[in-house]
Each structure stands twice: as C-alpha cells, then as structure tokens.
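> The structure's right below; bear with me while I get my questions together.
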Amino acid sequence: MLKMEADFERKKVTISSGNQVGEMIDLEVPVPVRDKLEDKTIRLKENRYISFEDRVIMFNSGLIRDRLFKETCEVVYKTITKVLSNEKAKGLKAVVLVGGFAESSIVVESIRQMIGKDFPEIKVVVPSSPFKAVLKGAVLFGHNPMIFKSRISRETFGIGTNQIFDPKVHNDSRKFKHKETGKDCCEKVFHVHVRKDQSVVLDSKQPIQIYAP
C-alpha cells in the first residue's frame, strides 16, 4: 500500500494543467492484489476515471486535475488570501511557491489564476526546484538563524500578575485586599508581552516590563 501511495504521489505532480483528453496514469499493483483482481476475488469499482488494464490500475488525469487538485488548491488559496488581505501585507509584490506541491503545473497555474484575479499587482514566482528550496532554506537557517528579519508570533506570551482592581475591567471573583497597602487588587491578570500574529524583529529587545514580588 505504501509503495502504491508513493508511486501515486510521484506521478500526480507530473500531470499538466491543460485539459488533455485521454491522459492516463498507470499505477503499479502488488502481485498478490493484482492476482486477486485478475481472478475476480477482488473487484475494482471501475468508472470513467479508474480502470484495471494490462495488470495495472489506470487513472484518468481528469480525476486528479478536476477533483483532488481543485479542492486542495482552493484550501491553499484561502490561506494565501488571509495573508494578503492583512494590513501588514500592503506593498507586497510577489508570492513564492515552494515545496513538493509547487512542482505541479496544475497547482502553479491554479494559484496564479486565483491571485491574478483578486490581486493583479502581485506576481507569483516559482523556483526551478521548489522542493529543494525548502531544504536549502532549512540548512541555511541551521547555519545562521539571523537570515530572517522577523518572525510572526504563533502564540500570545505574557506573565500572570496582580493589578489594582478596576470594576469596569476585572471580575469580582478575583478581587482581594492587599495586606500592606489596603488597596483592592485583582489577581491572576495576564499581562501581555507579545501578541499572537505580532511581528517580532529578531535579536531586538522587547520593551522592559517591571514587576514587584
């Protein structure tokens, strides 16, 4: 099964983006399964997309182009749209497609069409080896983590602290009287240092926050 999946993954990215009639992809079948298909012990649900011929399973490229890739490309584009629609992305001039999926002409053409329709000013760039681009980036980052200017924080970071009680903001259940000052305070207040999705410049210090024990 793993061999069949690997064979399918390797061949699906070679399918062209054009609507070529009769473009078929053959998928090797393990001998025990192939024998059972031939003697009808296993039956394959054949349709206009899939058939068993000459001891291999044949896929019509339309199945992958029109169904599998279309749905996945739409999901990918939703993520891209979310980023490009962000106020911080204003002035962006190019989107670079990398990774094994970007080796497919179907994916590249589909993403280019969708970006071109909604963001005509943005150019879509694909390296000569999209898969290797990710690997090279990881190696370069391993040698020098400072090759990136900034990072987008995945989470919100902060510290738990106490503050002077404010009835407009704080919950009464967390209210307590400070023993030394006699003032009403609120406990377990989350004081934010870095918020989720905030751009943090590498090797730069955040504003100093002062706390008292």
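> Are any residues in region 171-202 within 30 Å of M146 (Cβ to Cβ) and small (G, A, S), and if so, which ones?
The one that is within 30 Å of M146 (Cβ to Cβ) and small (G, A, S): S199.
> From the set of residues in region 118-165 that are of a type in the set (A, V, I, L, M) and assigned to a loop (DSSP other than H, G, I, E, B), which is farthest from K196 (Cα to Cα)?
It comes out as V126.
> Among the candidates I106, I111, I115, which residue alone is touching a Lys or Arg at 6+ places or on another chain (Cβ under 8 Å), of a type outside the set (K, R), part of a helix (DSSP H, G or I) and within 30 Å of E9 (Cβ to Cβ)?
I106
> Oh, and also: Residue under question is I42, and the condition is that it be touching a residue at least 12 places away in the same chain (Cβ under 8 Å) and not assigned by TED's automatic domain parsing to the domain that holds V124; does it hold?
In short, no.
> Additional query: Contact list please: Cβ distance under 7 Å, first residue in region 168-179 and within 16 Å of F190 (Cα to Cα), second residue assigned to a strand (DSSP E or B), pairs at least six apart or on different chains.
H170/C186; R174/C186; R174/E187; R174/K188; K175/D184; K175/C186
The values are calculated or read from the model by the stated rules, or taken from the named source; none is laboratory data. Please read these numbers as outputs of a predicted model, since none were measured by experiment. Every residue, glycine among them, receives a Cβ derived from its backbone with ideal geometry; neighbour counts consider all protein chains shown.
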